[in-house]
Amino acid sequence: MMCVKQVRCRAAAIRAALGVFAAAAQAAAAQAAAAPAYPEKAIRLIVPFGAGGTTDILGRVLGQKLGDALGQTVIVENRPGANGNIGSDAVAKAAPDGYTLLFAADATLVINPTLYRQLPFQPERDFAPISRIAVVPLVLVANPGVKADTLPELVELGRGNDARLDYGSAGAGSMGHLVGERLNRATRMKMTHIPYKSGAQAIADVVSGQIPLLITGLAVADPFLKNGKLKAIAVTSGQRFPGAPAVPTIAEGGVKDFDSPSWYGLLAPAGTPAPVLEKIHDALAAALQTEDMKARMVELGAWPVVDSRAAFTELIKQDTARWSQIIKAAGITVQ
């Protein structure tokens, strides 16, 4: 039988433990009350490419709408260089407080880790994915003189023993380059990649007939499609784009399950508190649901899209593995 003294000692221990828990709860409540509500100051949105391109335009449109949804100013800052690596590294090393965010293209996150021997950051380790923002179908376009108006006709040209079909892209390792290599593998064509320093330079050479083909963003090609200086063969997405409903998909051209659009997403530095990430995610969802934002996205050749944080994280892993196979099989390297 337990003695009275033991009972009193145990009761005292329980009271002491309860006192510790109560003090901890009070301290946590006080800390939460003292913590400033996010966001209390301007947010930097790093765009790791130069001004004037699709990434920059989309980033600025998003920055304004995200700022409206959060009730705070979002300052867009261009940090171009090394195919997005310089700006991305700046965000990876920023304080994980929600005040520095990355507007990233898929190429930087899922292609560069294989394309470059060394990166100053590791996407899976150094970033907290929030959501995709836009899906951007690429389009395979041709000079009007090319004797093919459909993908099956182009495949027939590209399989010949003497076939010489050059296709341009915005650079070695760009999404346009890799989509072309994937198309080669899927159709057994013999297209040869011609890298350019920019999509504008590549378009100029296709329009002038220097090269026959180009894989680029729809928004970039659209003016030349409308004036007849280029013709569209197919879009790379799994479904037709509302802004160009007459252009068939590559899958419709006979390449089963071909779905390779580009995408853009929003990320924060790893370690950013979950409540902050959730608040940004909710504000992003609200921003992308406005009718004017949807219309502007279509004008820019993009679909607005919102993923869960978990789904976006998984997509980055899957796309990294998929494009890694293409890069290694094609022997693609950068200097």
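The values are calculated or read from the model by the stated rules, or taken from the named source; none is laboratory data. Note that the structure is a prediction, hence the values are computed from the model and not measured. Counting neighbours? That spans all protein chains shown, and the Cβs are built from the backbone with ideal geometry, glycine included. SASA here: full protein model, heavy atoms, side chains in, ligands and nucleic acids out. Shrake-Rupley method; radii C 1.70, N 1.55, O 1.52, S 1.80 Å.
Summary of computed values
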{"item": "Single residue of region 49-71 satisfying the filter (of a type in the set (S, T, N, Q) and open to solvent by less than 50 Å² (accessible area, probe 1.4 Å)) that is modelled with the highest pLDDT", "result": "55"}
{"item": "Scan of region 241-274 for residues that are open to solvent by less than 40 Å² (accessible area, probe 1.4 Å) and not in a loop (DSSP other than H, G, I, E, B), ordered by number", "result": "249, 262, 263, 264, 265, 266, 267, 268, 269"}
{"item": "Residues of region 129-187 satisfying the condition of being small (Gly, Ala, Ser), in contact with a Ser or Thr (Cβ under 7 Å, 6 or more places away or on another chain), open to solvent by less than 10 Å² (accessible area, probe 1.4 Å) and in a loop (DSSP other than H, G, I, E, B)", "result": "none"}
{"item": "Some residue of region 223-232 being assigned to a helix (DSSP H, G or I), closer than 24 Å to residue 59 by Cβ, free of Cβ contacts under 8 Å to residues at least 12 places away in the same chain and not small (Gly, Ala, Ser)", "result": "yes"}
{"item": "Test: residue in region 90-101 that is of a type in the set (Ser, Thr, Tyr) and closer than 29 Å to residue 253 by Cβ", "result": "no"}
{"item": "Residue tally, condition touching a helix residue (DSSP H, G or I) at 6+ places or on another chain (Cβ under 6 Å), of a type in the set (A, V, I, L, M) and closer than 8 Å to residue 139 by Cα, over region 215-229", "result": "1"}
{"item": "Selection count where residues are part of a loop (DSSP other than H, G, I, E, B) and either in contact with a Ser or Thr (Cβ under 7 Å, 6 or more places away or on another chain) or in contact (Cβ under 8 Å) with a residue 24 or more places away in the chain (or both), scope region 188-212", "result": "9"}
{"item": "Test: residue in region 107-123 that is open to solvent by less than 20 Å² (accessible area, probe 1.4 Å), touching a strand residue (DSSP E or B) at 6+ places or on another chain (Cβ under 7 Å) and of a type in the set (Gly, Ala, Ser)", "result": "no"}
{"item": "Among residues of region 48-74, those that are farther than 19 Å from residue 282 by Cα and either of a type in the set (Asp, Glu) or out of contact with any Ser or Thr (no Cβ under 6 Å at 6 or more places or on another chain) (or both), counted", "result": "8"}
{"item": "Among (1) closer than 29 Å to residue 97 by Cβ; (2) open to solvent by 10 Å² or more (accessible area, probe 1.4 Å), the one test that residue 292 misses", "result": "(1)"}
